[in-house]
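The values are calculated or read from the model by the stated rules, or taken from the named source; none is laboratory data. Treat the numbers as computed from the prediction; the structure is a model and nothing was measured. A quick note on method: Cβ atoms are made from the backbone with ideal geometry, for glycine too, and the neighbour counts reach across all protein chains shown.
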Amino acid sequence: MNVNIDLVAAKDASEITVTSPDQGCSTDGKGKKGCVLFAKNEVGTIELRLNPEYPDRTCLTNPPSDWVITKVELSASGDPDTEKGTFDKRPPPGWMVNAFPGISKKDGTLYFQPDTTKATQSLSIVDLNNHRDGGVKTAYYQVTASSCGADPKTIQIDPAIQNKGNGK
């Protein structure tokens, strides 16, 4: 399964807005925007697209992008009601490290490019949905965008990913 998560940050934004609806996390489809559910035995790719109407812009294009993605982190801890994660923590051993190739075992970082001239407006997260616990495992993903320019500022958003695993 391939899923697109569209994120929007206007030129003078103070936060990132998720425009993609809930994709399977709630039974009525009216759950938190940006939440993605991978069903049992379903492997997927999540394409994060910042300001997707201009997918090829960077801080160096003419005209330049206003924002680029500079960091993506995952966490297994957070508040399920608000879908806000707690980041900069070591991911739990096992399922998160197995499910998300490339995750840092130190702090849950999946992507980090602090140089805005090398950062992009889109990137993919592979979710192998690899656990056999028989229930739903939730990961929170935090996207950090940095503004282009001499003194970059950062803004963030952190929706959830739900995994039903690969057990029988």
Take the conditions within 17 Å of the chain's Cα centre (by Cα), surrounded by 15 or more Cβ atoms within 10 Å (Cβ to Cβ) and touching a residue at least 40 places away in the same chain (Cβ under 8 Å) and apply them to residue 103. Does it pass? no
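Condition test on residue 139, is it without any contact (Cβ under 8 Å) to a residue 12 or more places away in the chain and closer than 29 Å to residue 56 by Cα?
Working: without any contact (Cβ under 8 Å) to a residue 12 or more places away in the chain: no; closer than 29 Å to residue 56 by Cα: yes.
No, not satisfied.
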With the condition kept exactly as written, say whether any residue in segment 87-106 is assigned to a loop (DSSP other than H, G, I, E, B), among the hydrophobic types (A, V, I, L, M, F, W, C) and at pLDDT 90 or above. yes
Can you work out which of the residues in segment 31-53 that are of a type in the set (A, V, I, L, M, F, W, C) and closer than 18 Å to residue 147 by Cα is nearest to the chain's Cα centre (by Cα)? 48
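In segment 146-168, how many are part of a strand (DSSP E or B) and either under 11 Å from the mean Cα position of the chain (by Cα) or free of Cβ contacts under 8 Å to residues at least 12 places away in the same chain (or both)? Please lay out each step first, then the result.
Within segment 146-168, the subset part of a strand (DSSP E or B) is 146-147, 154-157, 160-163.
Filter once more, so that each one left must be either under 11 Å from the mean Cα position of the chain (by Cα) or free of Cβ contacts under 8 Å to residues at least 12 places away in the same chain (or both): 156-157, 160-161.
Number satisfying all stated conditions: 4.
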Matching residues, segment 1-12, being free of Cβ contacts under 8 Å to residues at least 60 places away in the same chain and not in a strand (DSSP E or B): 1, 10, 11, 12
If you go through segment 123-137 one residue at a time, do you hit one that is of a type outside the set (A, V, I, L, M, F, W, C), in contact with a Lys or Arg (Cβ under 7 Å, 6 or more places away or on another chain), outside any strand (DSSP E or B) and loosely packed, with under 15 Cβ neighbours inside 10 Å? no
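Can you tell me how many residues in segment 13-43 are more than 12 Å from residue 164 (Cα to Cα) and at pLDDT 90 or above?
Step one: of segment 13-43, the residues more than 12 Å from residue 164 (Cα to Cα) are 13-23, 26-35.
Within this subset, residues satisfying the condition of being at pLDDT 90 or above are 13-23, 33-35.
Number of matching residues: 14.
Could you say which residue among 126, 72 is touching a Phe, Trp or Tyr at 6+ places or on another chain (Cβ under 8 Å), more than 13 Å from residue 50 (Cβ to Cβ) and modelled with pLDDT of 95 or more? It would help to see each step written out before you state the result.
Numbers: 72 fails: more than 13 Å from residue 50 (Cβ to Cβ).
Testing whether each residue is touching a Phe, Trp or Tyr at 6+ places or on another chain (Cβ under 8 Å), more than 13 Å from residue 50 (Cβ to Cβ) and modelled with pLDDT of 95 or more leaves just 126.
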If you check residue 116 against the conditions, is it under 24 Å from residue 9 (Cβ atoms), surrounded by 13 or more Cβ atoms within 10 Å (Cβ to Cβ) and in contact with a Cys (Cβ under 9 Å, 6 or more places away or on another chain)? yes
Do you know which of the residues in segment 54-75 that are under 12 Å from the mean Cα position of the chain (by Cα) and not charged (D, E, K, R) is surrounded by the most Cβ atoms within 10 Å (Cβ to Cβ)? 74
